[in-house]
Structure formats: structure tokens, C-alpha cells
Amino acid sequence: MKTRTASDSRVRPAAFALVLSAACLLLQPNAQGASIDSLAIDGDTGLVPAMSETLSTGFDQVSAGVGGIVFANPAGGDTGGTAPNVNLVSSSSLSVFGDIVLSFDSLQWKSRANPDAARFVVGLGDRLGVGVTAGGNGGVLYYNGTAYPLDAGPVCENGSVALSIRYIAAEKRVVVLQTGGSYRDTGGTQTAPAYGAKLADQTFDAPIDPAAAPFVIRAETQGNGGFDEGTPTTINNISIDTDMMVFDDPADNKDKWQAVSTNKTGWDFFNVMDDSGENRFVFTLTNGTPNVALGSKRDFQPDRKVEFSFDNFYYKTGTNPNQQGLRIGLNTPQATNKAMLSIKFTQSGINSALLYDNIEYLLANRPVPGDMSNGKMALNVSYSDGGRVKITQLAGTYLPEGSSTPTAVPSGGIVLYDAMPTGVPLTFPVGTHFRMTTGANNNGGYQADPPATIDNLRLVGRAGGSMSWPDEAQRGANVGTWLTSGDLEVLRTWETKIVRAQLTGSAFTPIEEGVEWTFPSSGWTTLDNFLAAAKSKGLRVIIDFHNTKAIFPNSIYNTWSQETGAPGIANKNKLVSLWKSIATRYKDERSVIAGYEILNEPNPDATQTKPNGAEPLDGADAWNAILEEVVAAIRAIDHYHNIVIEPVGYANQAYLSRLKYFDPATTPGIIYSIHFYSPHEFTEQGSTIEPKWTFGFDGVSGYYYPGVFNRLTNYAPVEYTPMLLDKNYLAERLVPVVDFQTAHPDARIFVGEFSSKRWAPVNLLGQDSTWTFLRDCFDLFHYTGAEEVAHPHWDWAVHAFRLGGLEGYAGLENSNIKEEDRETAIRYPDTNKIRLYNHYMHSSNDGIEPPAYVDTLPDAQVPETAPVKPYGLASTVEGEGKIGLAWISTSRTTNYKLKRALSSGGPFIEAATISAITEPTMGYTDENLENNTTYYYVVSPVNAHGEGPDSDETHATAVNAPMPPRITAQPASQTVPDGSRVTLSVTVSGSATVTCQWYKDGVLIEDATSNTLTIEATPANAGDYMVKITNANGTTDSDTATIAVTPSGDGIFSRPVALA
């Protein structure tokens, strides 16, 4: 790429101008407002009367109508002098997010005297814009406050000038194209071709100033040139977008391209100048085989709109002119190799087609690249909202529909295709790039003389979504940053869309250096390598600052130390410095990074007190204050990448209501994340989390899902209450997330972690409990409220993807195997879970029954041992000569032996054999007993491999009196955060009709007559609750359940998530 200067005035045809319209923003004089990334003004719509002007001495009227914005001086008079006579400034400033495209058309104005003395300025002031003259001489490009002469200038007094300015941030390069009207160069006045004339192409030493700047339309005079008051000045269809992707290759730099296939060996040479001295790609044939596969080194992931073009295109086959010769357009990485939006050409035009999502659609009017009788070909392809594709040939030869006669393309071009191929918009995956691929069917080959050529390959499109997180549901797994591209290939085959990469270890231990903190190079190297590996597999990455001991020990920050002047303020500054460093390093990496996750599982240290004895900040408020500062620091550098934030309490969903909600109008791109491990007694069974969770009722055998578990209901002293764990339980625990999304319909939810321990027992249906738990989680992870929300399908990442092990294990698990079994246990690929994961990877499957559990797969093997000991055996008197027995079901059991004795400890004799059922609890009534006799019972489980241990003993005395209701499950006391919901329930045995009535603090609650009671957790609703159960034989009072509602500042955020 050479730098254009004023003396280098040679102009050659170039490509199209693109207009992207966003929400219209009115212009006001010298106003300031919010920062935006695009604006569009269409004068035909009558929006201009709301505009106003300043410093006007001549143009005292601004109007709108057919033809666009009109500036006029109906009173006549001298408009000369040196004062600017129109100066319109947008009410909002535009921030520079990435590449920039500015375009307008219908520009006309005429000078009163000297046609080259005055300029009409359009753009971001002198930051980036053009100043053009009526006569075509003296035009300039403005860049960072300096005016640079154009190589050629539009002749504005002739009217109909259309111009496009493109800024390519990575190259610090500006290209100015004229696509309508006339321009003046050293050869005189020329007509701009439909595919464009290049007026400037210049690189600079420094990037454009990233500070926000207003959009300006300004007229100025030089040398008393003045403006012709009899000729209204017009301009229309003004569009500027500062968050774009721009690719412009005039074929004088091969470094933008790379080989994308190893088997293309024929066109192994191409240069950048043909015999006429013009710079353009020239391909030289060497052996007649399919012979080129070039891809742009830069990736593109456009969203909503994209347009590409090229010109000087010619090639000719060696034998069959109707076979495929060249495919040009947007393509996925070689691993998947799908033509997303491409054109398939043949030399003759026969069989030419649009490739849309890798499906061919034949063209009616067909381009003929092998015919130079009307000049070489120029083509434009545009893709817009809703999936509409328009293909326009702007130069060369084509075959009209139904004709085999080559015909010259008319002035203004010919439309080859204009339709919606499928009605479904495209989703461009990570790694999409511009590709040129040749291939000959039936060994067609290619001619080397004259050589094939192509030039001015250009692409303009909206960057992949307004933010980095795609609109479609993003689902995947947690991963370690040590994984290679080969490891990640496994996740790609599972159709994974996103990975949460956990930055762990000491790689990001801060190093103090002046005002800011720096971080070791080893950490950056690891992260760079991982991002490259993920990019090669088309995966998007969340950078998760996970192991945070270097900044906040165990993710715990001190609440008072976040106050100004506190000694612990350095910890927060370390976090700010880290994210400023990450944003600076990766702000331009748009093809792989989905978002920045600020801190994993934040939690305040509420046990510390301030030195002066004052109360510390509330933990949630302190965390929100830290978030505001980190988010502001990132946004000052990087406006593109989404930011993931979690609530306090180890990202517990119960505290989501305390997390700061950022208004998307002022702070867009925030993702709200929770970690769902409810209940910990099941998901973390057998772990070392304190207080020690019970690992099954015996502390050894574990809980299965769905089933009964001991729920921790009090911390001091530690108390457990048996409860039923099933899908309904999980749904209740997700209510705070639904409530948050109802309150904030624009919020996007990301379940950043969820799972259960792999060693959870097989459930009563013979299924892997972790599979059943994940199945219900997947099905519940979407909005279920009554309001309309922007993102009903929640994003998620399973914890976690594991690879390796003794048997080449690849699966989705949490703590794959117990430490004592690591050397001997066999691990099988998680086939059932992978099938489940793959099903829910697509949000279109939400609500659709997933693949059934297959118990013949290796990962579904059931232990060949007798069942474990039953728990919870209890006995009650049910009536005359009847004793009821109930116990918690054991998995892998076909039947139970009920054993009875007349004294404690036995001897026991078998009283009944009861077939197992797939319910969490078993029940049996022992009848025909002697009244006033005490009976002792145990129960043992049996399967094909033997009889398991006896349960603990229970006893009851048979009586001959009718019985009042018997409560088998009492309401449980709970401590819950303010603003959540809480449910109390009671279970009653027997078939007799009963009535229920709930009381709070001894006062009857109106309309509370069900066996369940749901209340809002507010301070007013805290108190003691009980229920009276009545049947024909009497009334039974339940135990008292105390509901404690935690006010803000209680410090409960430091507790584990068991109470959620």
C-alpha cells in the first residue's frame, strides 16, 4: 500500500458506495449529548425542519423535500465574505468503535464567483471528513485536524455527487470513493463509474482520535468566493457508522491474503501488476489443476448488513466454459468450509449461481467473466436485514434471462438477483472471511494467456452485532486456558457456540508499576494462544477472571476497604488495571471474544470492621460501586465487547435483585450472570465446602435426583430438614432470575456455571442423576414470566468440559472422580450428556423433548452391587390394628423386605415383600395387628445382586381409637433475602379428607387454605408460621416455621448458597 499524495493524482475505477441507515438523529447547532455509533439523515422524509443553523449570513432557510436537504437564500443578496454560512452540528457525538463508513449523495452547490475558492464540509469536523469545492479543485480530506489534498475532486456544481469515505482502523488508512456525478483529475472532468472512482487512498502514522465527536455539515468560503444564491445547495442520504468492518484491497499488497487449502497447487503464483501497468491480482496457471484457494487474513462476522464488490475480473477455462471456475465471497473456516454468501462463476455464465448458506440459487441474468469485448467485469453483492440479497453487475458482459447472447452491461448496471433465498437471515460464524476459491469440474482447467485478473476486492458491513455477544442464544461449557486447538475440536463437534475460559493460577498476579498495575507476560501468552486456538475452531470466548487470589483472596473483597482513602483500595485498583489492560490488548479482537467477565463469584468479607468502629459498606452496594468503576474503565477503551457481571453471594441467583442494573441506553452490552448450584447438598455432595454438606443420609452413599435430600435450614446450630428435590424445586429456585428479567425486560441472562458431582448415585429410574439434573436445568433455563422480554432464551455454560484421563475421557462433569479412585476408576465418554448438551445447544429446541436416556451406553453402566442402606424409616399409628411405615427409596432396588419384631433389636421376621416404585418415598401399612402391642420394624433393599443392609429401627404401638391427621413433612424454617419469594409446605398421610389453615404469629391468614403457602420475602412478612390440619377425627398442628428476611447490610452474602 503506498501513501497517496497530491502529486499522485492518477485516478482509476474503484468500487461501490454503501449507505447504512440507523435511527435518524436530528442535527442542532453546537449541541452536545450522548455518545452513539451511527446516524442517518434522509432529507426526503421531511425530518430536516427540526434542524437549525448558526453563524449563517446567507443560507437562512433549511428545508426538506424530494431531492434531500435544501439550503437556500430566498431573499437573495451577497452571500460572500469569510464567515461560514451554514454550520449544523449533531445533538449527539459519535464514538469511534472500529472502522468507519461515511456516505452521502445528491450533493450540488455552485460558487458565486471562484468555483474552487469555497468548500462544503461533511463529516466529523476536521477529525474525519471531506471538504469539496464547486469546480472540483482544492478538495481536501480532513484527518485528525489536518487537511490533505484529494487526488481528484468532485465537481459539485454539476450536481448528483455521491461520495463514500472509509476508515480502516487496523491500517490507519482512509479511502475516498466517488460513485456518482463527475470529478476532476489531471485528465480533466470525468464521469464517476457506478463502481466508483478513487479520490484518495492514504495511510497515516497515527490512528484517528478515538474521542467522541459530533457530526458536522459546514459551508465555508475562501478568498471571498461566496455561494451562488440562485442555485440551492442540496445533499441527501447522509449516513455515518463508526462501528463497521471495512476491507479494501486494491491488489497492491498480497499480505492481506493467505492460503486456505493445501491441495491447491496450480495457481501457485500471483502478482499485483498486469502488462498495462495497472495494479491488480494476476493469476498464472502452471499445471491445469484446480488451482487457487485464497482467504483474507482478516475475519469478518457481519450483522444485519454487508456488501462486497470487485472489478477488473476476468478468467477463461481451458476446456469446458460451463464448469465452475471461481467462487468469491464470504466463507466459513476450512474446518466447516461453508459458502455463507458467495457467487459461483463460470466462464460462459451458464450455471452461475448465488451460494447462500451453502445452497446454490441459479441466477436469471448471468455474468460472463470470460468475455472482455465490453471490458472486464465489475460486480456488487449486498445482503440486508431479513436475508435479502441483491447482486448487481456494474460493468462487463452478461447473458440476459432466457438468452445465450453475450450483452454489454448497460450504464448504471444490471440486476442479476434480488430476492430472499430462504426468508431466514444468515448467522455468520466466528472465522468467516473473504475467500476466492477456484475449482474445475471434469478437469476443465484454466488458460494462462491472457491471465486471470481481479481487482479492488472490497467489503463493508456492520460489525458482528452492535456488541460482541451474538443475538442468538450462546451456549457451551467452562474450559481451562491450557486447552489446545486439538482439544477444542471436541467441543466444536458438539456444536458448542461459546466457552467460558477461566483465567486461573498466578499468571495474572499484579506487578506494581507507577500509577497503573501491570501483569506478567506469561499470562498474556497463555491467553493469546488460547484465543488463537478457539478462533481456529469457530468458538467464541468469555474471558473469565476466575482464580482471583492475586487481587481478592477467594473472590472475597473487604467492604470497608473500598471506601476512599481506605488501605485496601489498592485491591480494587488492581482489578481496574487488569481490565484496562485486557481491554487495551483485545479491543480490536472482534472475531473470537464474546465478553469480559469481571470477577468470578464475588463475595464481601462482612466479618471485618472498620478501624474507627463504624459500620462497613453494605456488601452488595460495595460490589456495585466496584462494578461501576471497572465498567467505566473498560468502556473508556473498548465499546464493542460485552461485559459479564455477577451478583454477590458467589453469584447466587437469590441476590440478583441486589446487582446493579445498567441502563442499556447509556451503558449497553452488560450481561447478567448467575451460578446455579441449588441445592448444594446435591450438587456439591461429598465436597469440602464448609459447613460440611451431608453426603447422602449416611454421609457416604450420596443423594440421587430426583429424590429426597437433607436441606440445610439453619447455620448456627447446623440443622437439616428432609425435602423433595425435583424439577419443581429447581424452578422455585430460579424465580429470582425470572423476577429480575420481568423487572428489566432488556436484560440478558447467562448461567455461567451449573452442574452436579459426577458420583451422584443412579436414580430410581436407573438413570445417571447428573444427566437427569442437567436435563431439567436445560429445560428450565429460559424466561417463563408473563412479560415480553428481549432475550427469553438464557445463555449458559456447563461446569465443566474435561478431557483426558485413563480412558481418553471427554465429557461434561464437575469433579469427575473421587480422589481415592483416580488411579483405578474407568471413565467413559459422557455419551448421554453430550447428546443432551447438543440438543439444547439450539434454543429452537427449548421446550422440545430431548433425546431419551440410553441405558446401554458405556456411561450408563450401573454398579453390580446390592443396594445401599435405606434411610428415614418412620412409623405412625394409622387406625385400629394398623401401623403405617414410610422410608426414603433407595436406587437400584427391585423390592424391599419389611421385617417386624416384638422387642427392640429383634429377632426380626419378614412380615412383607414390597415392590419398589419410582417415587422418592416408599410406604406400607401393616394391618391386623394386636391392639396395645408395640411393634419394632426394619426394612432392607433387594436387587439381583443381593440384599442390602437393614435400615435403622423404628417402632409404634397399635391402638383401637380413630386417628386425627398425621403430618409426614413439616414446614421448614428459612432465611431469605429481602425481595425474594419463599414457599412453605406440609405433607399429610392417609386418604381421609382434610382441611388446612395457615397462621402467622398466631393470626389466621385469609385465603391460606392450601397445603402450600407462598409469600413475598419482606420485613413485614417475617415471622412464625404454622398450619392446622383437620379431619373428622380431630386437628393436628404443624411445627412452627420461622421466616427470617435478611435486610441489606446483614452480611449474608458471605454465606454459601445452601439457603438458595
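What to note about this one:
- Restricting ASN728, ASN714 to residues that are among the polar types (S, T, N, Q), under 26 Å from ALA886 (Cα atoms), in contact (Cβ under 8 Å) with a residue 60 or more places away in the chain and surrounded by fewer than 18 Cβ atoms within 10 Å (Cβ to Cβ) narrows the list to ASN714.
- Index of the failed condition, ILE883 passing every other in (1) in contact (Cβ under 8 Å) with a residue 60 or more places away in the chain; (2) outside any strand (DSSP E or B); (3) touching a strand residue (DSSP E or B) at 6+ places or on another chain (Cβ under 6 Å): (2)
- Test: residue in segment 733-740 that is touching a residue at least 60 places away in the same chain (Cβ under 8 Å), buried (at least 18 other Cβ atoms within 10 Å of the Cβ), out of contact with any strand residue (DSSP E or B) (no Cβ under 6 Å at 6 or more places or on another chain) and over 30 Å from PRO664 (Cβ atoms): no
- Candidates ALA408, ALA339, ALA335 - the one that is touching a residue at least 12 places away in the same chain (Cβ under 8 Å) and in contact with a helix residue (DSSP H, G or I) (Cβ under 8 Å, 6 or more places away or on another chain): ALA335
- In segment 894-920, residue surrounded by the most Cβ atoms within 10 Å (Cβ to Cβ) [restricted to those that are touching a strand residue (DSSP E or B) at 6+ places or on another chain (Cβ under 6 Å) and among the hydroxyl-bearing types (Ser, Thr, Tyr)]: TYR896
- Pairs meeting the criteria (first residue in segment 987-1001 and modelled with pLDDT under 90, second residue among the β-branched types (Val, Ile, Thr) and part of a loop (DSSP other than H, G, I, E, B), beta carbons under 6 Å, at least 6 apart or on different chains) are VAL988/VAL994.
- Residue in segment 830-842 that is at pLDDT below 95, under 25 Å from THR856 (Cα atoms), part of a loop (DSSP other than H, G, I, E, B) and not basic (Lys, Arg) present: yes
- On the stretch given as segment 230-257, residues that are farther than 23 Å from SER309 by Cα and either in contact with a Pro (Cβ under 9 Å, 6 or more places away or on another chain) or modelled with pLDDT of 70 or more (or both) total 6.
- Subset tally (residues that are aromatic (Phe, Trp, Tyr) and part of a loop (DSSP other than H, G, I, E, B)) for segment 306-334: 1
- Checked against the criterion of being modelled with pLDDT of 85 or more, outside any strand (DSSP E or B) and among the acidic types (Asp, Glu), segment 205-220 has at least one qualifying residue.
- When GLN970 is tested against the conditions (1) crowded, with 19+ Cβ neighbours inside 10 Å; (2) closer than 24 Å to GLY872 by Cβ, the lone failure is (1).
- Residue count for segment 851-875 under the criterion of being buried (at least 17 other Cβ atoms within 10 Å of the Cβ) and under 36 Å from the mean Cα position of the chain (by Cα): the result is 3.
- Segment 172-198, residues that are over 16 Å from SER160 (Cα atoms) and touching a Leu at 6+ places or on another chain (Cβ under 7 Å): VAL174, VAL176, LYS198
- GLY979 meets all of the listed conditions (1) in a loop (DSSP other than H, G, I, E, B); (2) in contact with a strand residue (DSSP E or B) (Cβ under 6 Å, 6 or more places away or on another chain); (3) under 24 Å from GLY649 (Cβ atoms) but one, namely (2).
- Whenever a residue of segment 775-797 is not assigned by TED's automatic domain parsing to the domain that holds ILE674, it has no partner that is of a type outside the set (A, V, I, L, M, F, W, C) and outside any strand (DSSP E or B) lying with C-beta atoms less than 6 angstrom away and at least six residues away or across chains.
- Looking across segment 484-518, the residues that are buried (at least 20 other Cβ atoms within 10 Å of the Cβ) and in a loop (DSSP other than H, G, I, E, B) come down to THR496, LYS497, PHE508, PRO510.
- Test set (1) outside the structural domain of ALA636 (by TED's automatic domain parsing); (2) closer than 19 Å to THR983 by Cα; (3) touching a Lys or Arg at 6+ places or on another chain (Cβ under 8 Å) - TYR715 fails condition number: (2)
- Of all the residues in segment 988-1004, those that are aliphatic (A, V, I, L, M) and either under 46 Å from the mean Cα position of the chain (by Cα) or loosely packed, with under 14 Cβ neighbours inside 10 Å (or both) number 2.
- GLU807 meets each of the listed conditions (1) assigned to a loop (DSSP other than H, G, I, E, B); (2) modelled with pLDDT of 85 or more; (3) surrounded by fewer than 18 Cβ atoms within 10 Å (Cβ to Cβ); (4) not hydrophobic (A, V, I, L, M, F, W, C) apart from (2).
Each row is one residue, and each column tells you yes or no for (1) of a type in the set (A, V, I, L, M, F, W, C); (2) farther than 24 Å from PHE754 by Cα.
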residue	(1), (2)
VAL631	yes, yes
TYR640	no, yes
PRO647	no, no
TYR661	no, no
THR666	no, yes
SER687	no, no
ASP698	no, yes
TYR704	no, no
ASN710	no, no
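- Qualifying residue in segment 397-416 (condition: crowded, with 24+ Cβ neighbours inside 10 Å, touching a strand residue (DSSP E or B) at 6+ places or on another chain (Cβ under 9 Å), at pLDDT 85 or above and not hydrophobic (A, V, I, L, M, F, W, C)): yes
- Highlighted here would be strands (runs of 3 or more DSSP E) found entirely within segment 335-445 that include at least 2 residues which are in the same structural domain as ARG590 (by TED's automatic domain parsing) and farther than 28 Å from VAL260 by Cα, but there are none.
- Identity of the residue in segment 657-704, under 31 Å from the mean Cα position of the chain (by Cα) and of a type in the set (Phe, Trp, Tyr), that ends up surrounded by the most Cβ atoms within 10 Å (Cβ to Cβ): PHE682
The values are calculated or read from the model by the stated rules, or taken from the named source; none is laboratory data. All of these numbers come straight from a predicted model, not from anything done at the bench. Cβ atoms come from the backbone with ideal geometry, glycine included; neighbour counts cover every protein chain shown.
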